[in-house]
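I have placed the structure first, in the form of structure tokens, so that the comments after it can refer back to it.
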Amino acid sequence: MDQLKDFMDFYNNPYSKELTKNFGMIANYSAASLLGFSQLIDKITKDDEQSKETVDHCMNLIESICCQLQRTGIFCSAIMKDDPKLAPVKAESYLNSFTTGCQRIIGKKCKISIASVQDFTIVSSSDFLDLLLLGFIRKNCANAGFLQTNEEDLPSFEISACIKNDIPQITLNTNASIPQRNYDTFGSQEFFENFFNEFAVLISEKLNIETEISSSHMIIRFPRNSGSDSLIFESPKLQLASEGRSLFRIMLNDI
């Protein structure tokens, strides 16, 4: 069975598109309702020390469920967006912003650093690039057994940018290799973790980029002359439809 072809055929079907759109709306609505409920619980019980442990457990559980729902909404939104807004993105600024965003959420659970940067400017969508890279990080961490006790066993990631053979590219390397999965185990992961490679191909087509994914790295290659080094302004931070909260928090907070 051609997994990629089946995936693409499904999402190019107009009925599937409508299903995806409505499912994303339901997921976002459910997450918003749960977040409101969580805030209400916090307000009602904030002075009740006896219930604090139980309340904290419930709040963490709600937070995890909300992240799952909002990730679904974000992925569905990305799939449905046929014409992503593109803008100049400077590689050095983007890598600095991306690693800072990851570190702010992950903290000491994971190591992420910049290996090297050859600065250049490309025209793309920083939000969709974030989603691709964060998806790769999340899938690797989930497969590696994220919570480790020894610092040397923590998953680590190094991101770099360079121009190779006249092609601008961003590379994300990791020591947390993704094992080969059998799709018969469907349900052991979230849908978009299980089908992340197929999702990456679909998004790559929208951005006119090439994405190479292996067990230990992701390379995003941009078209030649996709930007100009003479451009000095930054890409405005665009939010995916119905994102609602920080994309980094939604993708990484509950690993």
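The values are calculated or read from the model by the stated rules, or taken from the named source; none is laboratory data. Since the structure is predicted, the reported quantities are computational estimates derived from the model, not experimental observations. When we count neighbours, we look across all protein chains shown, and the Cβ atoms used for this are built from the backbone with ideal geometry, even at glycine. Ligands, DNA and RNA are excluded from the accessible area calculation, which covers all protein heavy atoms including side chains. Shrake-Rupley method; radii C 1.70, N 1.55, O 1.52, S 1.80 Å.
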Kindly evaluate GLN39 against the criterion of being more than 22 Å from PHE196 (Cα to Cα), assigned to a helix (DSSP H, G or I) and open to solvent by 60 Å² or more (accessible area, probe 1.4 Å). yes
Could you check LEU172 against (1) surrounded by 20 or more Cβ atoms within 10 Å (Cβ to Cβ); (2) at pLDDT below 90; (3) under 17 Å from the mean Cα position of the chain (by Cα) and say which number it fails? (2)
Give the stretch 207-221 a look and list any residue that's at pLDDT 90 or above and open to solvent by 50 Å² or more (accessible area, probe 1.4 Å), or say none. ASN208, GLU210, GLU212, ARG221
Is it the case that the stretch 7-16 has a residue that's open to solvent by 40 Å² or more (accessible area, probe 1.4 Å), farther than 26 Å from PHE222 by Cα and part of a loop (DSSP other than H, G, I, E, B)? yes
Criterion violated by SER126 - all others in (1) open to solvent by less than 40 Å² (accessible area, probe 1.4 Å); (2) in contact with a Ser or Thr (Cβ under 6 Å, 6 or more places away or on another chain); (3) modelled with pLDDT under 90 satisfied: (3)
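Is it true that some residue in the stretch 222-229 is hydroxyl-bearing (Ser, Thr, Tyr), on the phi < 0 side of the Ramachandran plot, buried (at least 17 other Cβ atoms within 10 Å of the Cβ) and modelled with pLDDT under 80? It would help to see each step written out before you state the result.
Kept after step one, since they are hydroxyl-bearing (Ser, Thr, Tyr), are these residues of the stretch 222-229: 226, 228.
Narrowing the set further to residues that are on the phi < 0 side of the Ramachandran plot leaves 226, 228.
Those still in the list that are buried (at least 17 other Cβ atoms within 10 Å of the Cβ) too: 226.
Next, only the ones that are modelled with pLDDT under 80 stay: 226.
Checked against the condition, which is being hydroxyl-bearing (Ser, Thr, Tyr), on the phi < 0 side of the Ramachandran plot, buried (at least 17 other Cβ atoms within 10 Å of the Cβ) and modelled with pLDDT under 80, the stretch 222-229 yields at least one hit.
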Answer yes if at least one residue in the stretch 44-63 is surrounded by 13 or more Cβ atoms within 10 Å (Cβ to Cβ), among the aliphatic types (A, V, I, L, M) and touching a residue at least 40 places away in the same chain (Cβ under 8 Å), and no otherwise. no
